[in-house]
Amino acid sequence: SEVGRRLRIECYAVRPTGREEQLRARGVAHTEAVLGAPMAPLPRSFIGESTEGVDPSLRMASYNILAEIYATAHAYPYCERWALEWQYRARVVIQELIDTNADVICLQEAQRDHFERDVEPAMKSAGYEGLFTQKSREAMGAAGKVDGCATFWKAQKYRVAEQRELRFNDLAYAEARANRLSERDEHAYLTRLVKDNVAQLLVLEDYPAPGRRSRRLAVANTHLYSHRDFPDAKLWQSLSLIRQLDAFCNRQRETLPCIMAGDLNSGPDSSVYEFLATQGVSRGHPDLQPRHTAQGFPVNVLPDARQIAHRLPLVSSYASVLGVEPDFTNLTQQFRGTLDYIWYDSSAIRCAAVAPVPPLEQLTRAGPALPSPQYPSDHVALIADFVFLPLSLIHI
């Protein structure tokens, strides 16, 4: 009944003596009209096969939720200032996460203070447990003002059997030492690669139904470097992550199926996508060309193209069901493109269905681009349903 009306507020100071002795005249203010509730995002429909009642099955979601430290009026001048405030967006983000009903949720740009104060408690109340991995850089101002990756899982379905934090800065320093570079080359090498990005590697173990042994699944969650002028750094990060994930999945006693999700900041035409999808990169790909330092000498952070390879049979969930990647997963006035993916091990898992990215006309009902009062991030959440193939039943 108050939506659309203005509020009149009266304020005055009193002495704390037990009786209200007024110290000064009352101050009176009138607010603007009270804002109505935002248009809720429409429910996400799925394309593909239903996995309801299928055991074993898994729903995975991946979502870059736009950290407060990046949600500035300069970056998003078309979005109302109040709609950029985390206090407003938090409720919408959390409701979106709960509405996915995903078994596992991978978040990027989760800000540490907001994870601890808002997201984790709300998700815990909804039946999830979670882990947070902060980026390597120092906080951007007040305590907690730094983002990272967070992974949640349904506590009644899974427990964490293993966990590992992957810090690409540490890998870059280790490789620079191992390569025994000159001082100049090492500085150039690290300037290209030290970008503070991180990844999470988890082994989730389910609570089996009576008569069935537990099943284990490796999950990787990452957010690769964003700058478009550093495709070599993104490819190096992808190569480093896949090497770690391969070692994480292939043990002496068992081989774990895996799912990798995240914001890769790389389109379907990138070397990162080609590397993941085809297990290698063509020699002529422009991303393999050496870059140059500010002083003008070339620097190459990548190994020979023949060494940029892996053996994991990864398939992109959306492309496998829809036949093509979404037109976009990131939508601003400056950029529209596909940056987010959920990749899966096709030898052990099959993607049965995905929730398509809503059409442009739906996403722009409350504003010209994302974020908006209706959609709290400049990215769209990806949601995919999987079923495990019989050969993937891993007994421990």
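Just to be sure I understand, how many residues within the stretch 55-95 are charged (D, E, K, R), open to solvent by 40 Å² or more (accessible area, probe 1.4 Å) and either closer than 21 Å to His223 by Cα or assigned to a helix (DSSP H, G or I) (or both)? The qualifying residues number 4.
Report yes if some residue within the stretch 199-220 is open to solvent by less than 20 Å² (accessible area, probe 1.4 Å), out of contact with any strand residue (DSSP E or B) (no Cβ under 6 Å at 6 or more places or on another chain) and closer than 29 Å to Gln111 by Cα; otherwise report no. So far as the stretch 199-220 goes, no, none of its residues is open to solvent by less than 20 Å² (accessible area, probe 1.4 Å), out of contact with any strand residue (DSSP E or B) (no Cβ under 6 Å at 6 or more places or on another chain) and closer than 29 Å to Gln111 by Cα. Within the stretch 273-294, the only residue that satisfies the criterion of being loosely packed, with under 14 Cβ neighbours inside 10 Å and touching a Lys or Arg at 6+ places or on another chain (Cβ under 9 Å) is Arg283. Could you tell me whether Ser45 is more than 29 Å from Ala143 (Cβ to Cβ), open to solvent by 70 Å² or more (accessible area, probe 1.4 Å) and hydroxyl-bearing (Ser, Thr, Tyr)? Yes, satisfied.
Quick check: anything in the stretch 132-149 modelled with pLDDT of 95 or more and farther than 19 Å from Ala220 by Cα? Yes. Of all residues in the stretch 316-325, those satisfying the criterion of being buried (at least 17 other Cβ atoms within 10 Å of the Cβ) and not in a loop (DSSP other than H, G, I, E, B) are Ser316, Ser317, Tyr318, Ala319, Ser320, Val321.
So that you can scan it fast, the table gives a plain yes or no per residue for (1) hydroxyl-bearing (Ser, Thr, Tyr); (2) in a strand (DSSP E or B); (3) open to solvent by less than 60 Å² (accessible area, probe 1.4 Å):
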residue	(1), (2), (3)
Asp113	no, no, yes
Glu116	no, no, no
Ala122	no, no, yes
Leu131	no, yes, yes
Ala139	no, no, yes
Ala143	no, no, no
His187	no, no, no
Thr191	yes, no, no
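Of all residues in the stretch 58-71, one or more are modelled with pLDDT of 95 or more, closer than 30 Å to Gln134 by Cβ and polar (S, T, N, Q). Applying the selection to the stretch 343-391, what residues are hydrophobic (A, V, I, L, M, F, W, C), touching a helix residue (DSSP H, G or I) at 6+ places or on another chain (Cβ under 9 Å), open to solvent by 20 Å² or more (accessible area, probe 1.4 Å) and over 18 Å from Trp86 (Cα atoms)? Within the stretch 343-391, just Val357 meets the criteria. Filtering the stretch 163-185 to residues that are open to solvent by less than 60 Å² (accessible area, probe 1.4 Å), touching a helix residue (DSSP H, G or I) at 6+ places or on another chain (Cβ under 8 Å) and not in a helix (DSSP H, G or I) leaves Leu166, Leu181.
The values are calculated or read from the model by the stated rules, or taken from the named source; none is laboratory data. The model shown is predicted, which means the values in this text are computed figures rather than measured ones. Cβ sites come from the backbone with ideal geometry, for glycine too, and all protein chains shown count toward neighbours. To get the accessible areas, we keep the full protein, side chains included, count just its heavy atoms, and leave off ligands, DNA and RNA. Shrake-Rupley method; radii C 1.70, N 1.55, O 1.52, S 1.80 Å.
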